[in-house]
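These notes concern the structure reproduced below.
The values are calculated or read from the model by the stated rules, or taken from the named source; none is laboratory data. Source: prediction; values computed, not measured. Heads up, the Cβs are rebuilt from the backbone with ideal geometry, glycines too, and the neighbour counts pull from every protein chain shown. With ligands, DNA and RNA removed, areas are computed over all heavy atoms of the protein, side chains included. Shrake-Rupley method; radii C 1.70, N 1.55, O 1.52, S 1.80 Å.
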Amino acid sequence: MEKKINWKRFWVRSRKVLNISWKVALVVIGLFAALIIACAIHEQKNDHYGKDAHYWDRDLSENICVHVFSYGNARVYDRKAEKYVTPRLEWVASAPDKDSLTVFCDKDGKRGFLNVNTGKIAIKGKYEHAWIFSEGLAAVVEPDGKMGFIDGNGEYVIAPEIDYFDSHDYVFKHNVCCIENSEGNQGLLSRDGKWVLPQEYSYIDYIEATDMFVPEKDGKEGLLKNGSFEWVYPVEYDDISWVDAPSGKGYILYKDFHSWHVAMNGTVIDEFLVDDTQELKYMVKYNSTAEDEYAISDKVVSFRVYGLWGVMDKQTGKVLIPAKYGNVEMVSKDIVKCGLESDQYDDSVLYDLKGNKIE
């Protein structure tokens with residue numbers, strides 16, 4: 001006999017199963033949502049290298065610090081208020097020594113500035129590049145690649161009309177900023193936007209002790225006074241260096257294979273400086289079975305200046321052969337051979353003991 005299905009009872013049981021399934025589904029969805037919220041809270045507050053400061057974290061001021069997160073982002077945290085005061089940022093620079101604003105990079109890769117004492121953003125991220133404030137100004141690069149300098153309010157003091165090239169940090173030091181052009185040549189820009197030194201120097205060094213610049217062009221150096229920007233020595237020296245020697249503070253000048261020491265006021269302290277001297281010897285007897293015999297010259301001696309060698313009179317100190325050779329040796333009692341480089345004896349020049357070249 002065929003069994004009949006009680007559709008009414010089947011429908012009632014199905015409804016009960018569906019009701020239970022929906023309740024289970026709602027519970028699962030609720031738990032999942034709670035997990036997402038918990039993860040969000042954890043990510044918001046604790047996804048940083050521990051509650052205690054990590055060595056990657058940095059203090060910007062007494063109450064303001066930068067928290068670095070496990071995947072590289074950073075946020076600025078106010079310890080006193082116990083809250084974050086910035087959104088997620090790519091990075092935040094260290095606090096400058098003499099300014100209240102530092103640079104940050106936002107999630108869009110734009111640079112801006114925030115206050116290290118409050119942690120709050122002072123100038124929103126809108127620059128392609130930016131550097132910390134120095135002597136009241138900060139270099140920024142606009143999207144068109146032009147660089148200018150702004151004040152603490154974000155207003156341009158020097159208009160963004162300078163071509164930017166990624167070569168070094170653009171900060172003001174000693175009232176000037178060193179700026180490089182497309183050829184790699186450097187110049188000095190003053191805080192009022194004037195070029196006190198055109199962009200035609202391969203390198204510009206600075207001597208802290210005397211507040212002087214040492215610009216280099218075509219392999220030659222000069223000495224430039226900061227402030228007045230007057231040339232103390234023109235760009236025609238092979239080397240200019242500061243020295244605080246027992247004989248007096250001043251400069252060592254090197255030009256035309258000659259080195260001398262001058263005081264701050266230009267007075268010559270020592271008109272002839274050498275780095276080293278060596279006796280010159282010549283062979284007096286060749287021995288095939290024993291060591292050759294040599295005699296030391298009583299007339300000449302070799303001397304070295306800036307890594308190059310020359311010859312001087314042993315009694316008077318008079319320079320007979322300028323120090324422009326890589327090596328010097330005597331080939332006889334009366335003849336000196338000078339090599340152009342230390343290992344090139346074949347490419348050499350012969351001199352007599354009066355400094356006359358022997359053809």
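Are any residues in region 110-144 assigned to a strand (DSSP E or B) and surrounded by fewer than 16 Cβ atoms within 10 Å (Cβ to Cβ), and if so, which ones?
Of everything in region 110-144, those that are assigned to a strand (DSSP E or B) and surrounded by fewer than 16 Cβ atoms within 10 Å (Cβ to Cβ) turn out to be Lys124, Lys126.
Can you name the condition, by its number, that Ala295 falls short on among (1) in contact with a Lys or Arg (Cβ under 9 Å, 6 or more places away or on another chain); (2) among the aliphatic types (A, V, I, L, M); (3) closer than 26 Å to Ile252 by Cα; (4) without any contact (Cβ under 8 Å) to a residue 60 or more places away in the chain?
Of everything listed in (1) in contact with a Lys or Arg (Cβ under 9 Å, 6 or more places away or on another chain); (2) among the aliphatic types (A, V, I, L, M); (3) closer than 26 Å to Ile252 by Cα; (4) without any contact (Cβ under 8 Å) to a residue 60 or more places away in the chain, Ala295 misses just condition (3).
Does Asp270 fit the bill of being exposed (fewer than 14 other Cβ atoms within 10 Å of the Cβ), under 28 Å from Leu320 (Cβ atoms) and over 30 Å from the mean Cα position of the chain (by Cα)?
Spelling it out, it is not the case that Asp270 is exposed (fewer than 14 other Cβ atoms within 10 Å of the Cβ), under 28 Å from Leu320 (Cβ atoms) and over 30 Å from the mean Cα position of the chain (by Cα).
Would you check if there is a residue in region 321-337 being surrounded by fewer than 19 Cβ atoms within 10 Å (Cβ to Cβ) and of a type in the set (S, T, N, Q)?
Within region 321-337, one or more residues are surrounded by fewer than 19 Cβ atoms within 10 Å (Cβ to Cβ) and of a type in the set (S, T, N, Q).
Right, Gly307: at pLDDT below 95, on the phi > 0 side of the Ramachandran plot, under 46 Å from the mean Cα position of the chain (by Cα) and not charged (D, E, K, R) or not?
yes
Check off (1) over 30 Å from Lys314 (Cα atoms); (2) more than 27 Å from the chain's Cα centre (by Cα); (3) surrounded by 16 or more Cβ atoms within 10 Å (Cβ to Cβ) for Asn265 and give me the number that stays unchecked.
It is condition (3) that Asn265 fails.
Could you grab me the full set of residues in region 234-248 that are in contact (Cβ under 8 Å) with a residue 40 or more places away in the chain and either surrounded by fewer than 13 Cβ atoms within 10 Å (Cβ to Cβ) or within 20 Å of Asp211 (Cβ to Cβ) (or both)?
Passing the criteria: only Asp239.
Could you say which residue among Gly219, Gly187 is small (Gly, Ala, Ser) and in contact with a strand residue (DSSP E or B) (Cβ under 9 Å, 6 or more places away or on another chain)?
Gly187
Just checking, how many residues over region 160-201 are in contact with a Gly (Cβ under 6 Å, 6 or more places away or on another chain) and within 20 Å of Ser228 (Cβ to Cβ)?
The qualifying residues number 3.
Search region 99-109 for residues being among the hydrophobic types (A, V, I, L, M, F, W, C) and over 11 Å from Val76 (Cβ atoms), and hand back the single one that is surrounded by the fewest Cβ atoms within 10 Å (Cβ to Cβ).
Cys105
From (1) buried (at least 19 other Cβ atoms within 10 Å of the Cβ); (2) in a loop (DSSP other than H, G, I, E, B); (3) of a type in the set (Val, Ile, Thr), pick out the condition that doesn't hold for Ile162.
(2)
For (1) in contact (Cβ under 8 Å) with a residue 40 or more places away in the chain; (2) within 14 Å of Asp192 (Cβ to Cβ), each residue gets a yes or a no:
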residue: Trp131; (1), (2): yes, no
residue: Val141; (1), (2): no, no
residue: Lys146; (1), (2): no, no
residue: Asp151; (1), (2): no, yes
residue: Tyr156; (1), (2): no, yes
residue: His168; (1), (2): no, no
residue: His174; (1), (2): yes, no
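Out of the residues in region 218-233 that are of a type in the set (A, V, I, L, M, F, W, C) and open to solvent by 40 Å² or more (accessible area, probe 1.4 Å), state the one that is nearest to the chain's Cα centre (by Cα).
Of everything passing the filter in region 218-233, Phe229 is nearest to the chain's Cα centre (by Cα).
Any idea which residue in region 59-98 is farthest from Glu135 (Cα to Cα), counting only those that are assigned to a strand (DSSP E or B) and open to solvent by 70 Å² or more (accessible area, probe 1.4 Å)?
Going through the qualifying residues, I end up with Lys83.
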